[in-house]
Each structure stands twice: as C-alpha cells, then as structure tokens.
Amino acid sequence: MIGVTSIADAQSRPAVEFDRFSLPNGVRVVYVHVPDAARQTVFTFLPLTIASDDKDRAQWSHLLVHMLIRSTDPVELNPVGMMLNGETTHSYLRMESIVDADKWIESLARHAKWLTARQFDAHVLESEKRNIASEEEHTAANGATSKFALAAWNQIVNCGATHARVHGDVASATVEQVQDYARAHVPVNDSVVIASIGPADLDEFKRELE
C-alpha cells in the first residue's frame, strides 16, 4: 500500500536516540540522534526577546541576532552545504544552522562563535541596519507587523516610554553600543538551550560541544 511502512522496513531503520544534558558552563542541550538523517540541524535559544529589550533599545534583540550571525560571515548566509539563520520572537532569540551531515562540527563552531561574539564590525552594522529597514518595509507591506508591534508595545508598556522609535533606535545604534548590549544580554549559562537533531554520533556531539 502506498504510504504505509512495512514492519520489516520499520525494524531495519536505525534506532533514534534522545538525550538531555548540560555542559560544564551550564548551557542545556537537547539532542535527537537520527543516524540516517541527511543533515544536522542545530538551534541555539537565548533568553532575549523582542518584547523585553531595554528602554530606547526597541528591536535591538533583532539587530543583535543579525550581528551575532554575521560574526562568522559578514556576507554569506548560505555557504556551501550550510544554511544559517536567526530570528527574534516574543519568547526567545534563536540562531540556527542546517548543514550537510559532514559539516556538523563546523556548524557547532559557528554556534560557539555566535554565543561568545562581543566585537562587531562597524561596516557590517551599517549594512545590517539597511537589511532590517528593508525587512520592515517588506513585512509591513505584507501585513506581517507583529514583531514591530511587540517592540513598540515593550517600549510603551514595559519601559514606560511615551513614544516608541521602532526603526529609529536601530538606525541610531553605534557599534560600541551594540557590543555593550551583547555583553549585557547574551549569557553563556543555564538560560541558554542548544537543540539539535541529526546523524552526528551522540558521544562525539557531546565531546565537541564540551
């Protein structure tokens, strides 16, 4: 029957393993080992949200994820065999990589750099400001304004501002300020979660993370 897996086929597939553990620095890890997967996917979740940025720092978590991702590659988000991305929501800041099976160690190296990057390039910052402005224009034109609405809500409700500069706070950011923001808001402790699924051996994955 089409779409039905036989018992023999199911039994012949490699077993999927699931594990949770913590690194010596406290970072929590959730890992699903799928031996026959073609790609390794890694997500790093930070406790920084579009709805909790500091006063006069509307949308800076969005700006920060751009700068963290660019710390390993200022131009390319799709190097050979890899797809890199970042997203800031109302509940977390997420950085992700989806890579060919043989590139998972390189992928982890990028996540480590993203977590610890505290120095940024001023030229990259200006480029990312333009990229964010383009995102604002595109998403607003298509009605997908929730991210920017949450940034404004945070400034007014949580921070007590009378006016939210959702675009202006990003546009006026200096590289020194963004570096300070990273130092203040990007922890390396048990508030960080790394989640991954893919073919990398569980023990090797643990060793490489540590």
Item to check | Considering residues of the stretch 107-128 that are more than 20 Å from Val188 (Cβ to Cβ) and either under 17 Å from the mean Cα position of the chain (by Cα) or among the acidic types (Asp, Glu) (or both) only, the residue surrounded by the most Cβ atoms within 10 Å (Cβ to Cβ) | outcome: Glu128
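Please go through the stretch 110-123 and give me each residue that is under 27 Å from Val193 (Cα atoms), out of contact with any strand residue (DSSP E or B) (no Cβ under 8 Å at 6 or more places or on another chain) and touching a residue at least 12 places away in the same chain (Cβ under 8 Å), ordered by number.
Lys113, Thr116, Ala117, Arg118, Gln119, Phe120, Asp121
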Checklist entry - Has the stretch 82-100 got at least one residue that is of a type in the set (Lys, Arg), open to solvent by 30 Å² or more (accessible area, probe 1.4 Å) and in a helix (DSSP H, G or I)? => result no
Item to check | Members of the stretch 129-162 found to be polar (S, T, N, Q), open to solvent by 50 Å² or more (accessible area, probe 1.4 Å) and either touching a helix residue (DSSP H, G or I) at 6+ places or on another chain (Cβ under 7 Å) or assigned to a helix (DSSP H, G or I) (or both), listed by number | outcome: Asn131, Ser134, Thr145, Ser146, Asn158
Item to check | Residue count, the stretch 32-77 (criterion: of a type in the set (A, V, I, L, M, F, W, C) and either part of a loop (DSSP other than H, G, I, E, B) or on the phi > 0 side of the Ramachandran plot (or both)) | outcome: 9
Checklist entry - Does at least one position in the stretch 100-121 carry a residue that is closer than 17 Å to Val170 by Cβ and modelled with pLDDT of 95 or more? => result yes
Item to check | When residues of the stretch 52-87 are limited to those that are of a type in the set (Ser, Thr, Tyr) and either touching a Phe, Trp or Tyr at 6+ places or on another chain (Cβ under 8 Å) or without any contact (Cβ under 8 Å) to a residue 24 or more places away in the chain (or both), the one nearest to Thr174 (Cα to Cα) | outcome: Ser71
Next on the checklist: Take His90 and tell me if it is closer than 19 Å to Val170 by Cβ and at pLDDT 95 or above.
Outcome noted: no
Checklist entry - Could you list, in sequence order, the residues of the stretch 163-210 that are in a helix (DSSP H, G or I), of a type outside the set (Gly, Ala, Ser) and open to solvent by 30 Å² or more (accessible area, probe 1.4 Å)? => result Glu176, Gln177, Asp180, Arg183, His185, Asp203, Glu204, Lys206, Arg207, Glu208, Leu209
Checklist entry - Can you pull out the residues in the stretch 12-52 that are farther than 15 Å from Arg94 by Cα, under 19 Å from the mean Cα position of the chain (by Cα) and crowded, with 19+ Cβ neighbours inside 10 Å? => result Tyr31, Arg39, Gln40
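The values are calculated or read from the model by the stated rules, or taken from the named source; none is laboratory data. Computed from a predicted structure; not experimentally measured. Neighbour counts run over all protein chains shown; Cβ positions are idealised from the backbone, glycine included. These area figures cover heavy atoms from the full protein model, side chains too; ligands, DNA and RNA do not enter into them. Shrake-Rupley method; radii C 1.70, N 1.55, O 1.52, S 1.80 Å.
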